[in-house]
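Reviewing the structure listed below.
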Amino acid sequence: MGVMHLLERAASGERLSRDEALTLYAEAPTHLLGRAADRVRRRKHPDRVVTYIIDRNVNYTNVCVARCTFCAFYRPVGSSEGYVLSFDEIFRKIEETIAVGGVQLLLQGGHNPDLPIQWYEDLFRAVKERYPAFRLHALSPPEVIHLSRLSGLSVPAVIERLVGAGLDSIPGGGAEILVDRVRKLLHCYGKATTDEWLAVMRYAHHAGLRTTATMMYGTVETLGERLEHLFRLRDLQDETGGFTAFITWSYQPDHTELAGVEATGVEYLRTLAMARLVLDNFDNLQASWVTQGGKVGQLSLGFGANDMGSVMIEENVVRAAGASYCMDEVEIVRNIEDAGLVPKRRSMHYEILGEPFFRERAVPRMTTLATAKPEGEAGVPAEVLKYPARSKAAKAAQEERR
Ligand code: SF4
């Protein structure tokens, strides 16, 4: 079937097969791919509204035993640059977030063997006690699997315990490319295989949680493997309907073991448009301005995205790998309005919360994203030492304190 005919079919809502999607991804002219994705976006969101959320992207620890080769963020156990945030530091970040209209934390971190499930439960309970309306969008599937392995509990039992402590929803991180050949090459097969990642999401959806889905492309995968990733997500969405949104971004190579070069902005736009055409059962696609910058982020709105993602406030992971874009709410709203669209604040569940917050109340402008810790600071707070340690380094630190 010819490319033009396939584009017309996809734009009018017909489901693409794997072969058809590959033909489009490899051969369709970029502007026509965008036009088709934009038609789908307009049909799903005819009111011209583009949403965004004010939340804060907090990484509670950078200590990680997974050692993915594409990651510049983690530090090994015992590293002098390893950190764990104290509960007080996290509370302060929440208060700063609430002050600028924020409604949740996106809370993710490394696979730290010295943070048992009780640490997470204590943290979540303490957050909910202090800020009952504040949401916790926390712990990607590999972190849930890590806690399952650490605790000896099943994945459903871990999810149940975390929900009991205050978990509201699960972010779709750690998906990278959901093809085991790629996961083995990236050294992330051990943290979660494709089936394990999908199984966590399936359990979460069955437990009544909504989650997001992500894809990091541009490492070692083929175009066909990127599409396979999308088809696995489409299949699970058919089954559960539990994904609220899809977010894709390009691999950021600086300071990583894998190294390499970053994919271009055009490749990002093509990938986003393909996601809109393949993921016909996803309502929301976010623009990844944090890896692409504001201008490509704005262009994303013509390539299938209907959401500008998060104001973010803080970012540590892609910054460690070389990306350092910053957009505060004013800038996000300007980009949406300049594209002729209507900005609205939303929750993680995509409920509209209102007009831009800065038009209701004066908030300070933000010109750089915050970091987990001030430059050069690291370390583990004393409160962590009361939890049973697994690593030799933490056991030695506990001994020293006795
Ligand atoms: S991507 Fe996540 S799991 Fe992998 S090394 Fe980095 S922090 Fe650890």
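The values are calculated or read from the model by the stated rules, or taken from the named source; none is laboratory data. What you see is a predicted model; the values in this text were computed from it and never measured. Every residue, glycine among them, receives a Cβ derived from its backbone with ideal geometry; neighbour counts consider all protein chains shown. Remember, those area values only see protein heavy atoms, side chains included, never the ligands or the DNA or RNA. Shrake-Rupley method; radii C 1.70, N 1.55, O 1.52, S 1.80 Å.
See the values below:
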| read-out | value |
| --- | --- |
| Qualifying positions in the stretch 84-115 - within 24 Å of residue 187 (Cα to Cα) and under 21 Å from the mean Cα position of the chain (by Cα) | 84, 107, 108, 109, 110, 111, 112 |
| Inter-residue pairs, beta-carbon under 6 Å, first of a type in the set (Ser, Thr, Tyr) and in the stretch 311-328, second open to solvent by 10 Å² or more (accessible area, probe 1.4 Å), 6+ apart | 325/290 |
| Residue check for residue 283: open to solvent by 40 Å² or more (accessible area, probe 1.4 Å), within 17 Å of the chain's Cα centre (by Cα) and within 14 Å of residue 213 (Cβ to Cβ) | yes |
| Checklist (1) at pLDDT 90 or above; (2) under 24 Å from the mean Cα position of the chain (by Cα); (3) among the aromatic types (Phe, Trp, Tyr) applied to residue 387, failing item | (2) |
| Given (1) within 16 Å of the ligand (Cβ to nearest atom); (2) not in a loop (DSSP other than H, G, I, E, B), index of the condition residue 298 fails | (1) |
| Entirely in the stretch 23-138, the strands (runs of 3 or more DSSP E) that have 2 or more residues that are open to solvent by less than 10 Å² (accessible area, probe 1.4 Å), touching a residue at least 24 places away in the same chain (Cβ under 8 Å) and away from the ligand (no atom under 16 Å from the Cβ) | 49-53, 55-59, 104-108 |
| Any hit, the stretch 174-191, residues being outside any loop (DSSP other than H, G, I, E, B), open to solvent by 10 Å² or more (accessible area, probe 1.4 Å), away from the ligand (no atom under 16 Å from the Cβ) and under 26 Å from residue 373 (Cα atoms) | no |
| Single match in 317, 333, 384, 290 (criterion: of a type in the set (A, V, I, L, M) and open to solvent by 50 Å² or more (accessible area, probe 1.4 Å)) | 317 |
| Search result, residues across the stretch 245-261 that are in contact with an Asp or Glu (Cβ under 9 Å, 6 or more places away or on another chain) and over 16 Å from residue 177 (Cβ atoms) | 245, 254 |
| Leading residue by the ranking (nearest to the chain's Cα centre (by Cα)) among those in the stretch 187-237 that are basic (Lys, Arg) and under 27 Å from residue 167 (Cβ atoms) | 210 |
| Count - residues of the stretch 9-22 that are in a helix (DSSP H, G or I), in contact (Cβ under 8 Å) with a residue 12 or more places away in the chain and over 20 Å from residue 232 (Cβ atoms) | 1 |
| Subset of the stretch 302-333 (residues that are closer than 19 Å to residue 97 by Cα and of a type in the set (Gly, Ala, Ser)) | 309, 310 |
| Among (1) under 22 Å from residue 171 (Cα atoms); (2) in a loop (DSSP other than H, G, I, E, B); (3) under 18 Å from the mean Cα position of the chain (by Cα), the one test that residue 276 misses | (2) |
| Selection within the stretch 160-173 - within 16 Å of the ligand (Cβ to nearest atom) and open to solvent by 20 Å² or more (accessible area, probe 1.4 Å) | none |
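Results for (1) touching a helix residue (DSSP H, G or I) at 6+ places or on another chain (Cβ under 8 Å); (2) in contact (Cβ under 8 Å) with a residue 40 or more places away in the chain; (3) at negative phi, shown as yes or no for each residue.
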| residue | (1), (2), (3) |
| --- | --- |
| 212 | no, yes, yes |
| 216 | no, yes, yes |
| 223 | yes, yes, yes |
| 230 | yes, yes, yes |
| 234 | yes, yes, yes |
| 239 | yes, no, yes |
| 248 | yes, yes, yes |
| 251 | no, yes, yes |
